[in-house]
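Accompanying notes for the structure given below.
The values are calculated or read from the model by the stated rules, or taken from the named source; none is laboratory data. As the structure is a prediction and not an experimental result, all values here were calculated from the model. Neighbour counts run over all protein chains shown; Cβ positions are idealised from the backbone, glycine included. Surface accessibility is based on the protein's heavy atoms, side chains included, excluding ligands, DNA and RNA. Shrake-Rupley method; radii C 1.70, N 1.55, O 1.52, S 1.80 Å.
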Amino acid sequence: MTSAQRAALEWLRTSSATVTAMAESFSAAGHELYLVGGPVRDALLGRAGHDLDFTTSARPDEIERLLRRLTDAVWDMGRDFGTIGCAVVDDRTPTADFAPEGRLVIEVTTFRSDAYSADSRKPSVVFGDHLGGDLVRRDFTVNAMALDMASGELLDAFGGRDDLEHRVLMTPSTPELSFSDDPLRMLRAARFTAQLGFRPAPDVVAAMTDMAERISIVSAERVREELVKTIMAPDPRAGLNLLVSTGLAERVLPELPALRMERDEHNRHKDVYEHTLTVLDQTIDLEYRLGGPDLIARLAALLHDIGKPRTRRFEPGGKVSFHHHDVVGAKMATKRMQALRFPNDQIKAVAKLVELHLRFHGYADADWSDAAVRRYVRDAGDQLERLHVLTRSDCTTRNARKAARLRTAYEQLEWRIDELAKQEELDSLRPDLDGTQIMAILGIPPGRDVGRAYKFLLDKRIEDGPLGEERATEALRAWWAEQG
């Protein structure tokens, strides 16, 4: 162990007065207390976070009693799994390497072992009496190290530090036993590959491949959580490739491996799977435009072409078409995200982006009127900035001239949107008359005709720009007279 790693572990154990008081409290009550998992791993990697996970010989009721001495912000939602949590002000002393701020989230769990039965979606929990039984049940050796809060000793019975140094993912017990106990660990392997740049050991990859079907017993919510963490990692491509190559993606996100379509004999269409991952990479490169890592943008990039396998047609002359894959893909994205229990607002946002991702190509191939630009903005709504990012990222051609033409066209479109917005307050595109005014002018009660009139005025606003109240009133009366 390097001197820097020793210093990081000692800082982790002693820099917080709150954590020191907690350790003394558990010790005085006759209980062992160890810092485990991610915090220990990250300290050895030279990183510090705000989430601290501990394991102890104390049972949940005793954990809660001891934590309430530190703070009233204690929760027990994980009591059935032996976990009690609390939040405290982050009072750790900053160092040159670690400068945390905010609050500490602390979770303390009784020594335990989890196991799934053959067909259960929920693990059974058995409390243990010693640290060894707790560590062997953890997902990977790099997460199976423990820091003794009393002595400061690093306990590493499974070679986690060596695996950390070589950036290898290996399980404390055999991969088959580990993944049988908790199949979600197979998805965690992909997540750590994407997050930390680790590579799974060959035995781990083999077990993931052989046992992929077992992931079906895990709840959709837990699968979604791991997929999101993988997608939001610094290198999601690496994690997604692992899921596809082991067959796990077939069970949790089958639309992704389906993109690996056989290319036709004339090689007339590009590899849609590799194109998709490149679009995801390029979306990440452009996320600064969205203020940082953005789940909706990444999901849209990942799913934007999933309608292609279902819509592929071989045309005369050897060409390949994917007509309406945008519309089909939006429906497929909605269905998959619903199955994974994503929130409705996220589902709608991603589906809208998938459905609109081809719209720009009409602009690149023709001269849009101001009305067409307004429709583009109206249809994108609050997803306009993400649509900008997705559309730019969707250009993966190696033809430099074509890429430059598309880039110039999109820059021109964005400029036109900005100019129209300055002139017309395009972000809040509305008719020149509201529903109350429409009813007063036409002398009609609330109902379907008001909606029809509102739509007429909105279309008129898009086609002609701002009319003003007087011209809008004239147009409304003329339209109403034509309705008979």
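Annotations
- Among residues of the stretch 438-452 that are closer than 12 Å to LEU476 by Cα, those with a beta-carbon under 9 Å from a residue that is in a loop (DSSP other than H, G, I, E, B) and among the hydrophobic types (A, V, I, L, M, F, W, C) at least six positions away or on a different chain give the pairs ILE438/ILE444; ILE441/LEU433; VAL450/ILE444.
- Restricting attention to the stretch 212-232 and to residues that are at pLDDT below 95 and outside any helix (DSSP H, G or I), the residue that is most open to solvent (accessible area, probe 1.4 Å) turns out to be SER219.
- Screening PRO202 against (1) out of contact with any Asp or Glu (no Cβ under 9 Å at 6 or more places or on another chain); (2) open to solvent by less than 40 Å² (accessible area, probe 1.4 Å) leaves a single unmet condition, (2).
- Here GLY329 clears all of (1) open to solvent by 40 Å² or more (accessible area, probe 1.4 Å); (2) more than 17 Å from LEU227 (Cα to Cα) except the condition numbered (1).
- A single entry from ALA99, ALA118 fulfils the requirement of being surrounded by fewer than 19 Cβ atoms within 10 Å (Cβ to Cβ), within 24 Å of GLN5 (Cα to Cα) and at pLDDT below 80: ALA99.
- The criterion of being open to solvent by less than 30 Å² (accessible area, probe 1.4 Å), over 15 Å from GLY38 (Cα atoms) and either modelled with pLDDT of 90 or more or not β-branched (Val, Ile, Thr) (or both) holds for GLY159.
- Screening the stretch 4-30 for residues that are in contact with a helix residue (DSSP H, G or I) (Cβ under 7 Å, 6 or more places away or on another chain) and either free of Cβ contacts under 8 Å to residues at least 40 places away in the same chain or of a type outside the set (A, V, I, L, M, F, W, C) (or both) and picking the one that is most open to solvent (accessible area, probe 1.4 Å) gives THR14.
- Residue check for GLY465: open to solvent by less than 30 Å² (accessible area, probe 1.4 Å) and at positive phi: yes
- Among (1) outside any helix (DSSP H, G or I); (2) under 23 Å from GLU414 (Cβ atoms), the one test that ASP326 misses: (1)
- Scanning the stretch 383-411 for residues that are of a type in the set (D, E, K, R) and in contact (Cβ under 8 Å) with a residue 24 or more places away in the chain gives GLU385, ARG386, ARG392, ASP394, ARG405.
- Qualifying position, being among the charged types (D, E, K, R) and farther than 22 Å from LEU256 by Cβ, among LYS402, LYS348, LYS331: LYS402
- Residue within the stretch 168-179 that is in a helix (DSSP H, G or I) and surrounded by fewer than 18 Cβ atoms within 10 Å (Cβ to Cβ) present: yes
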